[in-house]
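A.B. asks: This is the structure I have questions about; it appears just below.
The values are calculated or read from the model by the stated rules, or taken from the named source; none is laboratory data. All values reported here derive from a predicted model rather than from experimental measurement. Positions of Cβ are generated from backbone atoms using ideal geometry, with glycine treated the same way; all protein chains shown enter the neighbour counts. The protein model used for the area step is the full one, side chains on, heavy atoms only, and it has no ligands, DNA or RNA in it. Shrake-Rupley method; radii C 1.70, N 1.55, O 1.52, S 1.80 Å.
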Amino acid sequence: MTDQLVIKNFQTAVIDEPLKRPFITHLHKVTAIHAVQVKLILTNGLTGTGAATPNEKVTGDTMSSLKETMDSVIGPQLVGKSLNHLEELMATLANVIRYNEPAKAAFDMAVYDLLSQITKLPFPALFGGAKDTMQTDYTISIGSQEQMVTEARELVAAGFTALKIKIGNNPVAEDVATVAEIARTVGPKISLRLDVNQGWNYKQARRALTMLEERNLNIAFVEQPLAADQIAEMARLRMQTTIPIMLDESVFLPADALRVIRADAADYVNIKLMKCGGLFQAAKINDLCATAGIGCMVGCMIESQVGLAAGLAFALGHQNVKFIDLDSCFMAKDSAMTLISNDGPKLMLN
């Protein structure tokens with residue numbers, strides 16, 4: 001009998017969507033959603049969709065390198081592979097080229113889209129179906145204190161109960177003052193998630209965390225305070241503060257998560273499909289973290305709805321995913337959502 005679940009062909013297309021306003025972190029400035037969408041076509045006619053977003057500063061790719069890799073390297077190697085042999089298919093995807101995790105993630109998403117169609121299971125049910133909805137935070141990018149406080153006030157008025165605040169470009173005392181002013185403005189019930197994007201050295205981080213502790217603010221965690229490779233220093237820092245530490249750029253692949261676990265360097269880990277190469281590898285990271293008692297967040301780059309929907313499905317499927325940071329679904333200038341629905345900050349899949 002002919003295998004009807006063999007990948008027969010694939011197609012890619014470029015997506016460009018301007019943002020409502022520039023998004024600024026310690027690492028870069030983003031003005032638009034850039035993505036390469038892929039469609040996988042099976043011999044039975046079913047089509048699955050995935051999308052990749054490049055990030056020169058984090059994943060080391062550009063739109064041109066991303067599309068070339070998808071068209072010339074990854075796609076041709078997957079044609080002829082069957083979803084009936086998922087482990088073999090995903091091993092090929094993981095090993096066909098080093099790095100290039102966003103490109104791999106796009107094909108991985110398309111495979112899971114096909115599996116959802118084949119099994120007739122909702123996307124989150126493929127991962128356990130733990131939840132129906134989750135509330136995302138909204139990220140305040142780096143700007144003047146006045147700009148950041150004004151945006152925080154507007155977001156709380158719009159119903160957001162968790163704000164992610166980008167810091168790390170300014171002197172420590174200035175960043176702490178901005179966080180404190182935001183906290184004063186929005187009140188103690190609003191959860192603050194601080195993201196430094198590797199912007200501090202150890203001495204700065206120690207000083208900042210001490211100053212933040214003294215102010216007794218409602219801080220859920222501080223994300224990636226030190227450079228990605230400073231795992232031992234991160235572990236030492238974590239032992240010297242009561243504020244939970246989340247790692248992002250330190251954890252791309254399951255082996256990175258294992259390294260962090262062994263060092264006892266994190267309270268939380270931020271899983272991004274663009275960093276780890278997709279849902280298959282994300283599940284491995286989450287399982288490792290869950291076993292070690294480390295909660296996870298599902299975050300995103302400034303991505304298209306296809307990528308965000310896959311990330312949301314993963315988060316909804318897993319009990320160990322405690323937070324989501326999928327706010328870029330609100331950031332496009334044309335903010336009409338088709339794959340994701342929202343009730344204020346509460347997100348669900350259509």
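A.B. asks: I'd like to know if the stretch 274-290 contains one or more residues that are assigned to a strand (DSSP E or B) and among the β-branched types (Val, Ile, Thr).
C.D. replies: Going through the stretch 274-290, the residues assigned to a strand (DSSP E or B) turn out to be none.
No, every residue in the stretch 274-290 fails to be assigned to a strand (DSSP E or B) and among the β-branched types (Val, Ile, Thr).
A.B. asks: Of everything in the stretch 104-136 that's farther than 19 Å from ASN286 by Cβ and open to solvent by less than 10 Å² (accessible area, probe 1.4 Å), which residue is farthest from the chain's Cα centre (by Cα)?
C.D. replies: Here the residue is LEU114.
A.B. asks: Of the conditions (1) open to solvent by less than 50 Å² (accessible area, probe 1.4 Å); (2) under 12 Å from GLU101 (Cα atoms), GLY60 satisfies every one except a single condition; which number is it?
C.D. replies: (1)
A.B. asks: Which of (1) open to solvent by 40 Å² or more (accessible area, probe 1.4 Å); (2) in contact with a strand residue (DSSP E or B) (Cβ under 8 Å, 6 or more places away or on another chain); (3) farther than 22 Å from GLY295 by Cα is the odd one out, the single condition THR161 does not satisfy?
C.D. replies: With respect to (1) open to solvent by 40 Å² or more (accessible area, probe 1.4 Å); (2) in contact with a strand residue (DSSP E or B) (Cβ under 8 Å, 6 or more places away or on another chain); (3) farther than 22 Å from GLY295 by Cα, THR161 is out only on (3).
A.B. asks: Counting only residues that are buried (at least 21 other Cβ atoms within 10 Å of the Cβ) and under 11 Å from the mean Cα position of the chain (by Cα), give me the strands (runs of 3 or more DSSP E) lying completely in the stretch 296-350 with at least 1 of them.
C.D. replies: On the way: elements: 321-324, 340-343, 346-349.
Output list reads 321-324.
A.B. asks: Return yes or no: is LYS275 surrounded by fewer than 24 Cβ atoms within 10 Å (Cβ to Cβ) and either under 17 Å from the mean Cα position of the chain (by Cα) or over 24 Å from TRP200 (Cα atoms) (or both)? Walk me through it before giving the result.
C.D. replies: On the way: surrounded by fewer than 24 Cβ atoms within 10 Å (Cβ to Cβ): no; either under 17 Å from the mean Cα position of the chain (by Cα) or over 24 Å from TRP200 (Cα atoms) (or both): yes.
Answer is no for this residue.
A.B. asks: Sticking with this one: Pick from the stretch 1-33 the residues that are part of a loop (DSSP other than H, G, I, E, B) and within 30 Å of ASN170 (Cα to Cα): which of them is most open to solvent (accessible area, probe 1.4 Å)?
C.D. replies: Looking only at the stretch 1-33, we keep the residues that are part of a loop (DSSP other than H, G, I, E, B), and these are 1-5, 25-28.
Next, from what is left, pick out any that are within 30 Å of ASN170 (Cα to Cα): 25-28.
Values: THR25: 8, HIS26: 65, LEU27: 44, HIS28: 48 Å².
That would be HIS26.
A.B. asks: Would you confirm whether or not the stretch 34-54 contains a residue that is within 21 Å of the chain's Cα centre (by Cα), closer than 26 Å to ILE142 by Cβ, surrounded by fewer than 17 Cβ atoms within 10 Å (Cβ to Cβ) and of a type in the set (Gly, Ala, Ser)?
C.D. replies: no
A.B. asks: Would you confirm, using the coordinates I've provided, whether GLU151 is under 30 Å from PRO171 (Cα atoms), in a helix (DSSP H, G or I), among the charged types (D, E, K, R) and at pLDDT 95 or above? Before you say what the answer is, go through the steps one by one.
C.D. replies: On the way: under 30 Å from PRO171 (Cα atoms): yes; in a helix (DSSP H, G or I): yes; among the charged types (D, E, K, R): yes; at pLDDT 95 or above: yes.
Against the criterion (under 30 Å from PRO171 (Cα atoms), in a helix (DSSP H, G or I), among the charged types (D, E, K, R) and at pLDDT 95 or above), GLU151 qualifies.
A.B. asks: Return the pair list, or none, for Cβ contacts closer than 7 Å from residues in the stretch 104-119 that are polar (S, T, N, Q) to residues that are open to solvent by 10 Å² or more (accessible area, probe 1.4 Å) and assigned to a helix (DSSP H, G or I), at least 6 apart or on different chains.
C.D. replies: Final answer for the pair search is SER116/PHE123; SER116/LEU126.
A.B. asks: Give ALA205, ALA183, ALA255 a once-over and let me know the one that is without any contact (Cβ under 8 Å) to a residue 24 or more places away in the chain, over 17 Å from GLY295 (Cβ atoms), out of contact with any Ser or Thr (no Cβ under 6 Å at 6 or more places or on another chain) and among the aliphatic types (A, V, I, L, M). Before the answer, list the steps.
C.D. replies: Details: ALA205 fails: without any contact (Cβ under 8 Å) to a residue 24 or more places away in the chain; ALA183 fails: without any contact (Cβ under 8 Å) to a residue 24 or more places away in the chain.
Criteria check complete, one pass: ALA255.
A.B. asks: A further question follows. Quickly run through the stretch 5-39 and pick out the residues that are more than 18 Å from LEU273 (Cα to Cα), touching a Gly at 6+ places or on another chain (Cβ under 9 Å), modelled with pLDDT of 95 or more and not polar (S, T, N, Q).
C.D. replies: Correct list: VAL6, ILE7, LYS8, PHE10.
A.B. asks: Continuing with this model, one more query. For the stretch 76-102, give me each residue that is among the charged types (D, E, K, R), buried (at least 18 other Cβ atoms within 10 Å of the Cβ) and not in a helix (DSSP H, G or I).
C.D. replies: Pass one, the stretch 76-102, residues among the charged types (D, E, K, R): 81, 87-88, 98, 101.
Pick out the ones that are also buried (at least 18 other Cβ atoms within 10 Å of the Cβ) and you get 81, 101.
Of everything in the stretch 76-102, just one residue is among the charged types (D, E, K, R), buried (at least 18 other Cβ atoms within 10 Å of the Cβ) and not in a helix (DSSP H, G or I), namely LYS81.
A.B. asks: Please state which of the following conditions ASP113 fails to meet, knowing it meets all the rest: (1) farther than 20 Å from GLN11 by Cα; (2) part of a helix (DSSP H, G or I); (3) among the charged types (D, E, K, R).
C.D. replies: All conditions pass for ASP113, except number (1).
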